[in-house]
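Everything below concerns the one structure shown next.
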Amino acid sequence: MKSYFDTHKKEDCNGCGTCSLLCPVNAIKMVEDEEGFLYPKINEKKCIKCNKCRNVCSNIVEKNNYTIKAYAAKNKDEEKRKNSTSGGMFKILAEYIINKKGIVFGVKLNEDLVAIHDYGETIEECKKFSFSKYVRSDLNGAYEKVKKFLNQDRYVLFTGTPCQVQGLRIFLGKDSEKLILCEIICHANPSPKVLKMYIKNHENISKQKVKQIYFRSKDKEMDNSAYIEFEDGTKKKIQEYITAFSGNQLINRPSCYHCQFVDENRKADFTIGDLWGIEKILPEFNDNKGISLLTVNTEKAEKIFDEIKDMLDYKEVNLKEAFRYNHHSNLSKNKHRDKFFLNISNGKINENNIIKYLEKYTRRPLHSKVLGKIKRILKRILK
């Protein structure tokens with residue numbers, strides 16, 4: 001497999017920035033493109049043709065030999081699970097590290113509602129990392145900070161997407177017993193530029209600021225749907241954004257349609273995410289309050305799991321069955337994706353109308369609605 005520097009195809013770069021960080025002469029900068037994603041750009045005048053950037057690409061992935069165990073899991077602490085996206089696994093791992101006076105890295109939304117990596121040293125500081133952020137995060141110098149804390153002989157938990165985890169592994173160059181890697185099962189990485197425009201469009205309509213975004217919700221008032229909250233406390237569902245991200249594959253990074261980290265090709269000690277298909281895999285375990293898929297991938301993770309398992313309700317599940325419903329293969333790019341982003345580049349789609357265009361491109365065609373209704377009717381008849 002060739003790197004982005006060989007093919008110049010955007011689907012061959014996941015934007016981790018490892019090549020830029022490891023360039024011996026600082027000849028590579030990460031530059032935002034017209035879609036809002038970062039790509040490496042070489043300063044040819046500084047480049048010494050060492051080809052290190054090609055050799056450290058995190059998108060060139062070999063299969064691993066991990067013996068992976070998969071679990072349906074939920075935090076025994078109901079309050080902590082209630083304040084989590086699914087089963088509350090992150091909180092347990094975070095507490096494990098904090099109790100060792102370690103550092104926890106995760107993703108938060110800053111004051112401008114931009115998703116960035118940050119770190120916490122207390123349980124209170126780690127609360128900002130709870131809940132899903134359906135947008136590509138800015139690593140915000142996280143790799144260098146992880147290295148600094150490891151050099152101080154501190155425990156570090158790093159959470160991120162699989163490609164971000166793989167980038168960190170390459171950046172560090174070696175494993176450490178005090179580094180625990182946790183990857184989030186990642187559907188795809190939507191464009192930060194699209195989210196920024198989308199928020200601004202809502203603000204222009206409502207004439208007030210958006211205070212917070214909840215990409216995943218256990219708010220019964222909002223039917224457990226994703227929503228934004230304005231400064232005056234009013235809430236509005238954001239289904240068109242969620243559909244463009246997960247249902248229609250309209251706004252995601254090109255490399256996500258060719259992801260190298262699907263199915264059992266894990267690169268972290270732990271993998272966590274929602275256990276979709278729980279009603280088919282393990283219906284008796286499902287209480288509709290959030291169930292996590294937790295995979296334990298390494299010997300290091302097995303030792304930690306033995307120490308934390310008393311804090312969990314868990315049942316082992318078949319690995320292939322679990323990934324059958326959880327990102328086992330790549331999804332197809334929306335046929336309108338390129339046109340959508342082209343119209344953002346030329347200004348046709350902007351912060352005054354992007355909601356309208358997201359609705360347009362995520363609307364189900366009539367034949368699909370009819371077919372869906374027929375299937376539902378047949379299902380009721382067969383029952």
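Bear in mind that the values in this text are calculations on the coordinates, not laboratory data. Values in this document were obtained by computation on a predicted structure and should not be read as measured data. Every residue, glycine as well, gets a Cβ built from its backbone with ideal geometry; the counts of neighbours run over all protein chains shown.
Observations on the model:
- Relative frequency of Cα-Cα separations exceeding 21 Å in the range 1-138, percent: 60
- The range 4-55 - percent relative contact order, Cα under 8 Å, separation 6 or more: 36
- Relative to the globular-protein estimate of 2.2 N^0.38 Å, the Cα radius of gyration of the range 4-55 stands at 1.07.
- Using C-alpha pairs below 8 Å separated by at least 6 residues, the relative contact order for the chain is 21 percent.
- Among beta bridges identified by DSSP and lying wholly in the chain, the antiparallel ones come to about 75 percent.
- Pairs exceeding a 26 Å alpha-carbon distance, out of Lys207/Lys360; Lys128/Lys315; Lys145/Lys236; Lys29/Lys193; Lys76/Lys100: Lys128/Lys315; Lys145/Lys236.
- Here is the list for the range 1-83: trypsin sites (Lys or Arg not before Pro) lying in DSSP coil, each with at most 16 other C-beta atoms within 10 angstrom of its C-beta, are Lys2, Lys9, Lys45, Lys46, Lys49, Lys63, Lys76.
- Relative contact order computed over the range 164-316 (Cα-Cα under 8 Å; 6+ residues apart), in percent: 23
- Additional length obtainable on full extension of the chain from Asp219 to Lys101, 0.36 nm per residue less Cα span: 39.2 nm
- For the pair Asn318 and Lys76, label points projected 7 Å from Cα toward Cβ lie 3.0 nm apart.
- Cα-based Rg of the chain normalised by 2.2 N^0.38 Å, two decimals: 1.00
- One chain, two ends: Lys289 and Lys2. Fully extended at 0.36 nm per residue, the span grows by 99.0 nm beyond their Cα-Cα distance.
- Once the Cβ-Cβ distance of Leu172 and Lys46 is raised to the sixth power relative to R0 = 30 Å, the FRET efficiency obtained is 0.80.
- Given the chain, longest segment not containing exposed loop GluC sites (Glu not before Pro) (DSSP; at most 16 other Cβ within 10 Å): 232-350
- Where labels lie 7 Å past Cα in the beta-carbon direction, separation of Glu111 and Lys280 in nm: 4.7
- Cross-link table Lys52/Lys101; Lys74/Lys320; Lys2/Lys69; Lys127/Lys237; Lys127/Lys220, entries beyond 26 Å C-alpha to C-alpha: Lys52/Lys101; Lys2/Lys69
- Residue order, fewest to most surrounding Cβ atoms within 10 angstrom, among Asp223, Asp263: Asp223, Asp263
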